Protein chains: 2
Amino acid sequence: MEPTNDYQKLENQICFPLYAASRLVTKCYQPLLKDFGITYPQYLVLLVLWEKDEVSLSYISERLLLQSNTLTPLVKRMEEMELLSRKRSDTDERSIIISLSDKGKQMKTEAQQVPVALASNFQFSVEEMITLKGLLDKLIRNVE
Amino acid sequence: MEPTNDYQKLENQICFPLYAASRLVTKCYQPLLKDFGITYPQYLVLLVLWEKDEVSLSYISERLLLQSNTLTPLVKRMEEMELLSRKRSDTDERSIIISLSDKGKQMKTEAQQVPVALASNFQFSVEEMITLKGLLDKLIRNVE
DNA sequence: CGCAATTAAATCGTTTACGATACAAATATA
DNA sequence: TATATTTGTATCGTAAACGATTTAATTGCG
C-alpha cells in the first residue's frame, strides 16, 4: 500500500464535508417536519408548489434536479397523504399536472416558521450564509 | 394560501443548494469510481481504511458520521467484493474489526487520480475551495 | 459479586436516489 | 403524410440513509 496521498485523506476532502453536511442538515429538518408528517424531499416539493401551483412533474424535476424515477413515487406518496393531486394534462397527454390540495395549501402558513427555526441551528452570520449559498450555487452551475 | 414568505422560496434556501450540490457531486464520482466497481459511500470507507487499517465499525461510523444500520450492509457488500474482511475483535467480542484485503490496498494506488480528476469538475479557485471547506466544516461542527 | 446501564452491531421497515429501460404522446423531418 | 426522434412519466433493480428496536458483550456501581 502506497504512502497516503494528501488528497486521499478524508481531512482534505471537500466532497465529504459536503456530503456529511447535507445529511446532517436534512436530519435537522426531521423534528420540524415531523409535525407535518412529511420528509425533507417532500417539503421541497411543497416549496416548489407554494411558489407555483398546478405544474407538471417535469417542472418540479427541473427545479429540484430530481428525476421522474425519484419524483413519481415521492409525489404518489404525497397524493396518498392528500397533500396534492395528480392529473393528466389536457393539452399534453404525456404530462402529469400536480395541484396542491386545501391541506397542502394550508400547510404553507403553518410551516412558515420552519426555515427560521432551521437556520438557527446553523449559528452562522449573515455573511457566512451568503458566502456559503453563493459558493454552493456556483458549484451547482459548474457541475451540472 | 398565504403570500409567499421570502424564506419559503426555493431561491432563498441554503439547505436546498447544499442538498442538490451534494447529490450532483456524488454523481460526478460515478464515472470515476465505475472503473473500480464501487459507489461513493464505499469509496469513503476505503478512504478511512487507507488512512488507518484494521479499525472497528464504530471507528468508521465516527469518521463518516454514518450509523451501523447504514454501514453494516455497506461493508458486507464490500466484503463480498473482496475489498475487505470482517472479524470479531479478540479483546471486545461486540466489535467488528475491518481489514483491507490486498485488492483493497492495491486500489489505493490505482485510485490516486480520483480526487484530482474530481476537483477539476468544480472549476473553483483555491480560495473558493478553502472557503467552502471551512464553512462546511464549521456547519458540521455547529449542527452535529 | 450481582445487576443495571451502556455500548457495538445487526435487523427491520420505509423512503430516497439513480442507472437503465420501457412506453406512449408529441414533434420533427424526409 | 409516414416515420424517426424527442419528450414526459413510469417501472425495475440496487444501494444508500435512517428511525426504531433487538441482542449480546462489557462496564459501572452499590
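The values are calculated or read from the model by the stated rules, or taken from the named source; none is laboratory data. These figures come from a predicted structure and were not determined experimentally. Backbone-built Cβ (ideal geometry, glycine too); neighbour counts: all protein chains shown. Surface accessibility is based on the protein's heavy atoms, side chains included, excluding ligands, DNA and RNA. Shrake-Rupley method; radii C 1.70, N 1.55, O 1.52, S 1.80 Å.
Here A:Leu65 meets the list (1) within 16 Å of DNA strand C (Cβ to nearest atom); (2) surrounded by fewer than 19 Cβ atoms within 10 Å (Cβ to Cβ); (3) more than 8 Å from every other protein chain (Cβ to nearest Cβ) almost entirely, failing just condition (3). How many residues does segment A:38-53 contain that are more than 11 Å from chain B (Cβ to nearest Cβ) and exposed (fewer than 14 other Cβ atoms within 10 Å of the Cβ)? Total satisfying the criteria: 0. Only one of the listed residues (A:Arg23, A:Arg94, A:Arg77, A:Arg86) is at the interface with chain B (Cβ under 8 Å from one of its Cβ atoms) and on the phi < 0 side of the Ramachandran plot. That residue is A:Arg23.
Which one is farthest from B:Tyr59 (Cα to Cα), of the residues in segment B:95-144 that are surrounded by fewer than 17 Cβ atoms within 10 Å (Cβ to Cβ) and among the basic types (Lys, Arg)? This residue is B:Lys103. Please go through segment A:2-21 and pick out each residue that is among the polar types (S, T, N, Q) and either open to solvent by 40 Å² or more (accessible area, probe 1.4 Å) or within 12 Å of DNA strand D (Cβ to nearest atom) (or both). Residues satisfying the conditions are A:Thr4, A:Asn12. When restricted to residues that are touching a residue at least 60 places away in the same chain (Cβ under 8 Å) and open to solvent by 10 Å² or more (accessible area, probe 1.4 Å), segment A:22-37 contains 3.
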